[in-house]
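Read through the structure below, which is laid out as structure tokens, and then see the notes.
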Amino acid sequence: MLDTDSTVSPPPRGSAAPNGVVHLRRGGTSVVVDLDAESPAIVHWGEDLGDAPAETLTSLAVAARLQRVSGGLDETAQLSVLTTAASGWLGTPTLEGHRDGQSVSARFTLTDVQASPHELHLQFADEETELTARVDLGVSAAGLVRTRIAVRNEGDEPYTVQTLQPALPLPWDATEIFDTTGRHLRERSGQRRDLTFGTHLRESRRGRPGADATLLLAAGRPGFGFERGVVHGIHLAWSGNQRALAERVPTGEAFLSAGELYAPGEIRLGRGEEIASPEVLGSWGDGLDDLAARFHAEWRARPQHPRRSRPITLNTWEAVYFDHSLPKLTALADAAAALGVERYVLDDGWFRARRDDTAGLGDWTVDAGVWPEGLHPIADHVVGLGMEFGLWFEPEMVNPDSDLARAHPDWLLRGRVQLPPSARQQQVLNLAHPDAYAYIAGAIAAILDEYPIAYIKWDHNRDLVDAAAGPGGAAQVHAQTLAVYRLIDELKATRPGLEIESCASGGARVDLGILDRTDRIWTSDCLDPVERLENQRHTALVVPPEMMGMHLTTPHVHSTGRTVSLSMSGAVALFGHFGIEWDVTTLTEAEATAVAEWVALARRVRPLVATGRVVNVDVADPGLDVRGIVAADRASAFFTVAQTQTLISSPAGRVRMPGLDPDRSYRLRIVTPGGIVQQPAQSPLAWAHHDTLLTGRQLAVVGVRPPVQNPQQATVIEITAA
Ligand code: DGJ
């Protein structure tokens, strides 16, 4: 029997309407927007569709329109760039809000269109709710989509914004999700699942993205890897509370969406006030490496991108922790300089009463007991050795056991009379409080004025819990995040050349909001190279490698208890901003020679790291990790073959090294400092003792045998065009 609902659908709307279809194209990416849909809708985001004739684009848009179906609305709602529930959209909307519980029904009309080949700015209005909105959508030279939504209250009554999160459509066959999760010491662990009907929602209510944040929320064709498989992903450039979701709805649409996560009533717009969502950056690729390359190209093209060679860095934390003494730290500086270190960073423990992590945060003056002459002796010594001097701060935090907290308890974020649960014995300074802001800005400035500080390690060691402006007050994470941005921006603007590292209990604040104004992140407190392999691979899906701090570890790793070889530690650290976190005053002569060789290698490859393309090889053996960086002109590359466990085959099967020019010939050389560790039973690796010349195609398709290695050893192969 025929369902009485299943009649012929109404004719497609809009084919003769005035706005038409906009095709944004750049960097190998196309975005097609149907402006004649009920509400403007992105009908394609992804592979470049070429110079498509206008009528085909119109047809593409019409081909995306939805039929009426039984059991549904008379006009099936389509995902649009500004989707609200009032339009009949039954999935997660892009905008929701109310006026004290009223005016919940927003439905916008397109009022203005500004289009250029790469950008589209759409203006909307809804007279009934007295709101206007703007959607900005652009495709960058790198082929990245950048979009945000802004909403403005045109009415007299305050308008509370609850949801504001741009959405980007996915191909229907994107049925597998990849995202990241984690914890302190294990950030950005990957996870996969099917994108089935419903919503896969990732939220952070930590006042920072958090160690468990998904840096990238991606969905692709089943089985997509780093080398192959169409995949789309989004990142939210924001350092506060946030949500990202992947959703598949029964009307045949799948999409990704992300935005700030507002606490109840956090965003209340008065008349004429506006709020913009953080930017959502979308990338796609044939394989995750392709997707990541767009993020890297985008970030490297910014004027403020750190372009000078990344200085080899020594950080004092794991060498001395809170045990500051001038003779020890001076000896550490001498040993570091002798190894080729170029930047010396004095970590936590230098300021008033900071003998451990229970006290002192907030009192940003040098501890006279430990440093009777201030930091001058160590800073001058470091600079005298030809190194830059860097210093640790944690500007957003306060220990209740500090003069600051005692003098200004009202400067601490709290929603109740009782302080929020503490973390690492600390609370959070309300930077949106003008006096607190002025105090902290002044305290940092005073230290920077007194000492030759080229670099700040800016730490942030707790989640924001119950973060309100005072007992009974309004939620404050949004304002706090903007205040942190302002503090960093002002410092950067007034002190040209000052570099800042964003650290948050390791890598708990890794996002392109903070990285737009800082120079690198501390990728993880876990220095174990075996653990770092996954962490760094996934962090580099969005963050360019030269912005990721990677340090040689003490061989007996503090965080995991594992003992690792220098080859593993060095090879893993080559893929970013190279440094050392190890008491190098304890090295034997042979160890010091080996570390110096790693430093020299890191200096040689760093131009490649800062400009090249990251290649992750999808290998068959779970005990093997093969990755490389290929120069932009494909004239050179280096690859590492790292072994994390014993392999079932011995010797190992051949490993491919893709990404080079297929038609060029290349010389291969093993350049691991110390060479191959040869066991008595092994014969030499034939190609390592031969003038090995292979084409890029041979390297990509066939590959070479890696040397036989023990678990936790690694080999570095340098490749240069013949
Ligand atoms: C956490 C950071 O991640 C570490 O590197 C170190 O700076 C400590 N904080 C210092 O307290």
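Between T494 and E47, what is the spin-label point distance in nm, taking each point 7 Å from the Cα along the Cα→C-beta axis?
Inter-label distance under the simple model: 5.3 nm.
Starting at 0 and stepping by 5 Å, how many percent of the alpha carbon pairs of the range 666-708 end up in each bin?
5, 20, 27, 25, 14, 7, 2
Tell me, what does the Kirkwood hydrodynamic radius of the range 492-612 come to in angstroms if you use every pair of distinct C-alpha atoms? Before the final figure, lay out the partial values.
Working: mean 1/r = 0.0668 Å⁻¹.
One decimal place: 15.0 Å for the Kirkwood radius.
Can you list residues whose amide H is under 5 Å from Q162's amide H, if they're 5+ apart or on another chain and H is modeled 1.01 Å from N?
E96, G97, H98
List, in order, the whole-Hz ³J(HN,Hα) value for each residue of the range 144-153 obtained from phi through the Karplus relation with A = 6.51, B = -1.76, C = 1.60 and θ = phi - 60°; use x for Gly and Pro.
Values, residue by residue: 8, 8, 10, 9, 8, 10, 10, 10, 10, 8 Hz.
Would the range 335-377 count as rounded, prolate or oblate if I go by the C-alpha gyration tensor, calling it rounded below 1.5 in a/c and otherwise prolate when a/b exceeds b/c, oblate otherwise? Please list the in-between numbers first.
Details: a/c = 3.00, a/b = 1.94, b/c = 1.55.
In terms of gyration-tensor shape, prolate.
For the chain, build the charge dipole from Cβ charges (+1 Lys, Arg; -1 Asp, Glu) around the Cα centre, then report which of Q679, L170, S80 sits farthest towards its positive end.
Looking along the dipole axis, the top candidate is Q679.
Can you pull the percent of the chain's accessible area that's carbon plus sulfur, 1.4 Å probe, other chains left in place? Before the final figure, lay out each step's value.
On the way: 14240 of 27490 Å².
Roughly 52 percent of what the probe reaches on the chain is carbon or sulfur.
Tell me, what ³J(HN,Hα) does each residue in the range 71-76 have, in order and in whole Hz, if you take phi through Karplus 6.51 cos²θ - 1.76 cosθ + 1.60 with θ = phi - 60° and put x for Gly and Pro?
Values, residue by residue: x, x, 6, 5, 10, 5 Hz.
As I understand it, the dipole of the chain uses +1 on the Cβ of Lys and Arg and -1 on the Cβ of Asp and Glu, about the Cα centre. Which of L49, Q418, V701 lies farthest toward its positive end?
V701
T358 to Q425: extension gain in nm, 0.36 nm per residue of separation minus the Cα-Cα distance? Intermediate values should be presented prior to the final figure.
Values: separation 67, 0.36 × 67 = 24.12 nm, distance 0.56 nm.
Length gained between T358 and Q425: 23.6 nm.
Collect residues whose amide H, placed 1.01 Å from N in the peptide plane, falls under 5 Å from the amide H of I500; neighbours closer than 5 in sequence don't count.
Close amide H contacts, sequence-distant or interchain: I456, D519, R520.
Once a ≥ b ≥ c are taken as the square roots of the eigenvalues of the Cα gyration tensor of the range 637-722, is the result rounded (a/c under 1.5), prolate (a/b larger than b/c) or oblate (a/b not larger than b/c)? Write down the numbers at each step before the final one.
Details: a/c = 1.94, a/b = 1.66, b/c = 1.17.
Because a/c hits 1.5 or more and a/b exceeds b/c, the range 637-722 counts as prolate.
7 Å from Cα along Cα→Cβ at both T692 and R192: what's the point-to-point distance in nm?
Each label point lies 7 Å from its Cα, and together they span 2.9 nm.
Per residue, how much accessible area does the chain have with a 1.4 Å probe, in Å²? Present the calculation step by step, with values, prior to reporting the outcome.
Working: 27490 Å² over 722 residues.
Ligands and nucleic acids excluded, the figure is 38 Å² per residue.
Hey, rough spin-label estimate for D435 and D112, points 7 angstrom out along Cα→Cβ, what's it come to in nanometres?
Spacing of the two 7 Å Cα→Cβ label points: 4.3 nm.
If you put +1 on each Lys and Arg Cβ and -1 on each Asp and Glu Cβ, how big is the dipole of the chain around its Cα centre, in Debye rounded to 20? Kindly include the intermediate steps, with their values, before the conclusion.
Values: 65 positive and 91 negative charges, 350 e Å.
It works out to roughly 1680 debye.
With n ≥ 4 as the cut-off for DSSP H runs, can you work out [θ] at 222 nm for the chain, using -39500 (n - 2.57) per run divided by the number of residues, rounded to the nearest 500? Spell out each step's value before the answer.
On the way: 12 runs with 138 residues, N = 722.
When only DSSP H runs of four or more count, the value is -6000 deg cm²/dmol.
Quick one: what do you get for the range 10-153 if you divide its Cα Rg by 2.2 N^0.38 Å? Intermediate results must be reported in sequence, preceding the final value.
On the way: Rg = 15.6 Å, N = 144, 2.2 N^0.38 = 14.5 Å.
Against the compact-globule rule of thumb, the ratio is 1.07.
Using a 10 Å cut-off on Cβ atoms, rank the peptides 686-698, 20-32, 510-522 from the highest mean neighbour count down. Don't jump to the answer; show the numbers that get you there.
Working: 686-698: 14.6, 20-32: 20.7, 510-522: 23.0.
Output ranking for 686-698, 20-32, 510-522: 510-522, 20-32, 686-698.
Would you please give the residues with an amide H less than 5 Å from that of R352, counting only those at least 5 places away or on a separate chain, with H modeled from the backbone geometry?
Here T365, D367 satisfy the definition.
Output wanted: per-residue J couplings in Hz (rounded whole) for the range 688-705, from phi through Karplus 6.51 cos²θ - 1.76 cosθ + 1.60, θ = phi - 60°, x for Gly and Pro.
For the range 688-705, the Karplus curve yields 6, 10, 9, 7, 7, 10, 9, 7, x, 5, 4, 5, 6, 9, 10, x, 10, 6 Hz.
How are the Cα pair distances of the chain distributed, in percent, across 20 Å bins from 0?
That works out to 17, 46, 31, 6, 0, in percent per bin.
The values are calculated or read from the model by the stated rules, or taken from the named source; none is laboratory data. Predicted model, so just to flag it, every value in this text is computed and none were measured. Glycine also receives a Cβ, built like all others from the backbone with ideal geometry; neighbour counts cover every protein chain displayed. Surface areas here come from the heavy atoms of the whole protein model, side chains and all, with no ligands, DNA or RNA. Shrake-Rupley method; radii C 1.70, N 1.55, O 1.52, S 1.80 Å.
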